[in-house]
Amino acid sequence: MLKIRRPLCLVGLAYVAAVVTMILLTVRPSPTYEELDREQITVAGYVEYIEYKQSRGSTVPVISLSETAVLKESQKAILERFLSDSEKISQYRLHQFWKDNRESLQREDAAGIEGVLCYMEEEKIPKMGSLVVVQGDYRAFTHATNPGEFDSADYYRIMGQQGRVMDCRMLVQSAAYDVFREKMYRIREYLSLLADACFTEEDASVIKAMLLGEKGTLRADLKELYQQNGIIHILAISGLHLSVIGMGCYRLFRKVRAPSVVNIILTIGIMYCYGTMTGMGVSMLRAYIMFGIHLCAKLIGRTYDLLTAVTVAVLVVLVQQPLYIQHSGFLFSFGAICGIGIFLPAAERNLFGHSRLEKALMSGIAISLSTLPVYLCFYYEFPPYSVLLNLIVIPCMTFVLVGGLMTLGMAACFLPFGTVAAYPVHLLLVFYEKCCNICLSLPDSKWITGCPKPWQVAVFLGILLGLVAWNHRLSKLCFRHGMLCALLVLSIKLPQGLQITIVDVGQGDCIYLAEDSGIHMLIDGGSSDKSDVAKYQMMPYLKHEGVSHLDAIVVTHPDSDHISGIRAMLEETDTSGISVGTLYLPDVGEAGRNEEYRELEQLARAADVSVKYLGVGDTLKCGKVMLTCLHPEKGWDEKEANAYSTVLYLKYGSFTALFTGDLEGEGEKLVVERLDDFLPVQGITLLKVAHHGSKYSTDEAFLKAVNPKLALISSGRNNRYGHPHEALMERLKDSGCYIYRTQESGAITVRVRGGKVWVEEYIK
């Protein structure tokens with residue numbers, strides 16, 4: 001039985017439980033301040049960090065401001081004059097002034113904005129820790145409106161920012177600044193220039209991310225490649241850097257016979273400087289605290305205890321910012337350490353781990369198991385080859401880091417030496433990329449599992465902790481079966497009945513259908529006001545639902561707001577992990593088969609997706625779901641895409657639904673005539689309102705004929721078409737149906753099980 005000999009660990013566990021409870025019970029969605037969006041504002045605050053990021057096709061300096069205030073118009077000139085005349089004001093007096101006057105200077109409607117990111121339009125960079133006044137266009141961070149979508153408002157709230165200021169100009173800065181942090185920033189910029197001079201542009205971006213914490217200029221496709229293969233952690237400054245740099249300094253000072261106290265103080269000081277220079281991210285802070293405890297244990301002659309050290313690190317991080325408990329970097333970093341400190345010893349005892357190779361493999365398995373729930377909750381997929389890939393990547397990382405440091409050091413002395421020293425590092429980075437591409441080319445390189453439920457994560461962790469607690473009494477076979485059971489818990493999919501989700505793609509359409517028989521399909525998928533809608537909305541949603549294969553995609557008509565995402569999905573079937581069985585297009589004549597229509601046919605065939613055509617009378621039988629095409633007539637020679645929109649009638653037991661694309665006018669009359677053979681007396685259950693709620697769709701005669709109980713509308717917020725139109729909304733209200741709009745509800749999910757129907761809105 002596991003004996004609790006670490007009271008501090010219990011304190012840490014209790015604190016984490018209290019933080020989680022507090023967040024679940026009290027924390028509300030982050031305010032977005034959308035009322036300020038695109039308004040020119042003037043902001044004052046302290047320069048916290050400076051980095052370079054890609055914006056609008058170019059690299060621009062981005063300044064993170066803390067303790068900010070969005071200034072009242074009447075107060076701007078006063079503060080500017082004060083800072084302009086601040087040469088004789090000390091940093092302490094400046095802090096005191098800002099503390100006393102900040103609240104009176106800021107606008108009431110922006111009082112909650114504590115930090116912003118300023119995308120500068122000029123190369124003039126303020127000094128670290130100075131108080132600055134800047135002006136630019138405010139851009140609000142937004143909440144996710146679909147399951148699986150990245151929530152930028154919540155993420156940046158954890159990081160301490162509530163918005164962005166674009167095309168930002170610096171008006172004035174204080175004379176007082178943080179001398180130490182400014183020196184560290186200058187050193188980082190100097191090292192960054194050396195990296196640019198010694199490495200190729202691509203290699204320099206990777207080295208700067210690995211050694212200097214500069215991820216803003218990293219090539220997007222390379223970052224995605226590392227993430228897809230489960231080695232994105234090598235770009236984060238963490239314990240590996242501390243072990244290479246910190247222990248290197250410690251051993252160097254020992255060789256020159258520095259006294260232990262001096263050695264430890266110098267080493268910890270150097271690591272603090274390095275952490276400050278690179279931004280002191282959560283992984284770095286965790287590693288720094290544990291590294292400091294390790295050295296102090298050596299100094300006082302005590303045994304270093306990994307679990308106690310990680311508990312102290314958890315307490316320090318969460319006291320500083322409790323919301324880090326929701327941050328993926330925090331969970332990955334601490335989860336990996338817990339896997340090594342808690343699960344690894346038990347696994348080595350009951351599995352294998354005698355040779356060095358077996359111990360390395362076992363470490364990889366322990367880390368992968370302990371961080372698996374985090375990976376699935378944030379990415380909804382797992383790269384199975386990452387365990388083996390990390391066995392190659394992590395040992396080589398020591399050579400990459402040492403090689404990178406040597407390159408920068410030699411370049412500082414004589415630039416040509418640095419260029420020569422960079423070549424072995426280049427070969428290792430090329431080797432990494434080759435290994436990643438090979439892993440992606442292997443079968444089943446991605447396991448798309450979907451987002452596990454909270455109870456699944458709790459049971460999974462409970463089983464692992466049980467295996468650790470009772471490992472002395474369990475046979476090796478029982479231990480292995482326990483691990484298998486834990487993995488199976490995460491893969492459980494309970495019966496859901498029929499699921500229909502209107503994915504919020506802005507001004508466009510995307511409808512997801514799923515049923516317990518295993519059918520997964522889309523009706524349309526595109527947007528006219530969101531770029532990369534497949535990458536940021538559609539595919540994250542599908543992966544969140546655990547969809548790795550779509551049996552069918554039905555295109556109602558080839559307008560961009562219905563196909564832009566489908567086009568991207570067909571182009572990326574080899575890399576996205578989501579395959580497609582059949583693409584269904586409207587069965588129309590040559591007049592209707594425009595350039596976009598033909599392009600979809602070509603993309604589908606290039607991706608080995610079969611192409612079929614739907615016309616009146618065609619059916620799709622999927623388990624208990626029957627879909628019948630009611631429009632258009634086969635071979636109908638109509639040029640206008642909206643007019644020949646595919647209309648599908650769905651029947652699932654007593655539940656019925658009608659999906660209408662962008663159907664209008666004469667097409668609605670034809671559909672009503674064909675519905676006579678299908679419509680139940682009481683009307684249909686669900687109507688997907690045509691053409692995003694256009695004034696000229698879904699007229700009174702059509703509504704009277706179909707008599708829907710639910711009406712779902714997919715349209716973008718503040719769209720330029722005014723959808724849904726007031727006249728259409730009045731018609732729907734007069735019909736007595738319940739109305740749901742993606743503008744207000746985000747993704748709308750209708751579930752049908754056991755004869756019952758209920759609607760779930762993603763935005764509460």
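Overview of results
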quantity	calculated
Candidate aspartates and glutamates for bridging to Lys359, where Cα separation is under 18 Å - those fewer than 8 sequence places away on the same chain excluded	Glu348
Exposure ranking of Arg356, Arg302 by accessible area [1.4 Å probe, largest first]	Arg356, Arg302
In sequence order, calculated HN-Hα J values of the range 230-241 (Karplus, 6.51, -1.76, 1.60; Hz; x Gly/Pro)	x, 10, 4, 5, 5, 8, 8, 6, 8, x, 4, 5
Exceeding the 27 Å Cα-Cα cut-off - candidates Lys298/Lys476; Lys208/Lys434; Lys612/Lys756	Lys298/Lys476; Lys612/Lys756
Helix-only CD estimate at 222 nm, as mean residue ellipticity for the chain, using -39500 (n - 2.57) per DSSP H run (n ≥ 4)	-14500 deg cm²/dmol
Positive-end extreme of charge dipole, the range 466-535 - chosen from Gly506, Phe479, Ser527 (charges on Cβ)	Phe479
Placed amide H near Leu171: partners under 5 Å, 5+ positions off or other chain	Val133, Val134, Gln135
Heavy-atom accessible area order for Lys434, Lys127, largest first, 1.4 Å probe	Lys434, Lys127
Qualifying lysines (Cα of each under 19 Å from Cα of Lys669; at least 8 residues distant if same chain)	Lys634, Lys639, Lys688, Lys695, Lys704
For Asp524, solvent-accessible area (1.4 Å; no DNA, RNA or ligand), Å²	0
Cα-centre dipole for the range 453-592 with unit charges at Cβ (Lys and Arg positive, Asp and Glu negative), debye to 20	1400
Heavy-atom accessible area order for Lys733, Lys72, Lys535, largest first, 1.4 Å probe	Lys733, Lys535, Lys72
Highest to lowest packing among 177-186, 690-699, scored as the average C-beta count within 10 Å	690-699, 177-186
DSSP bridge pairs, the chain: antiparallel proportion in percent, nearest 5	70
Length gained when the stretch Glu761-Lys624 is fully extended (0.36 nm per residue, less Cα-Cα span)	46.8 nm
Simple Cβ-charge dipole of the chain, Lys/Arg +1 and Asp/Glu -1, about Cα centre, in debye nearest 20	4500
Amide hydrogen neighbours beyond the local backbone of Asp532, cut-off 5 Å, H modeled	none
Long-range amide H partners of Lys53 with built H, under 5 Å	Val60, Val62
Correct choice for Rg and Dmax of the Cα atoms in Å that was computed from the model, options (i) 29.4, 95; (ii) 42.5, 132; (iii) 27.4, 96	(i)
GluC sites (Glu not before Pro) restricted to DSSP loop in the range 1-105 with at most 14 other C-beta within 10 Å	Glu39, Glu87
The range 296-381, Rg to Rh (Cα coordinates; Rh as Kirkwood inverse mean 1/r)	1.04
Burial order of peptide ranges 496-503, 451-458 (average beta-carbon count within 10 Å, highest first)	496-503, 451-458
Hits among lysines - C-alpha to C-alpha of Lys535 under 19 Å, sequence gap 8 or more where chains match	Lys223, Lys446, Lys543
The range 618-633 - phi-based ³J(HN,Hα) in whole Hz, Karplus 6.51/-1.76/1.60, Gly and Pro as x	5, 10, 10, 9, 10, x, 8, 9, 10, 10, 10, 7, 10, 6, x, 4
Heavy atoms of Ser90: accessible area, 1.4 Å probe, square angstrom to 10	50
Size of charge dipole - the range 173-331 - debye, nearest 20, with Cβ of Lys, Arg +1 and Asp, Glu -1, no other charges	780
Per-residue HN-Hα couplings for the range 452-467 [Karplus 6.51, -1.76, 1.60; θ = phi - 60°; Hz; x = Gly/Pro]	x, 6, x, 5, 5, 4, 5, 5, 4, 5, x, 5, 4, 5, x, 5
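The values are calculated or read from the model by the stated rules, or taken from the named source; none is laboratory data. Since the structure is predicted, the reported quantities are computational estimates derived from the model, not experimental observations. Using ideal geometry, Cβ is built from the backbone for each residue, glycine included, and neighbour counts are taken over all protein chains shown. Heads up: the accessible areas ignore ligands, DNA and RNA and are worked out on the full protein's heavy atoms, side chains in. Shrake-Rupley method; radii C 1.70, N 1.55, O 1.52, S 1.80 Å.
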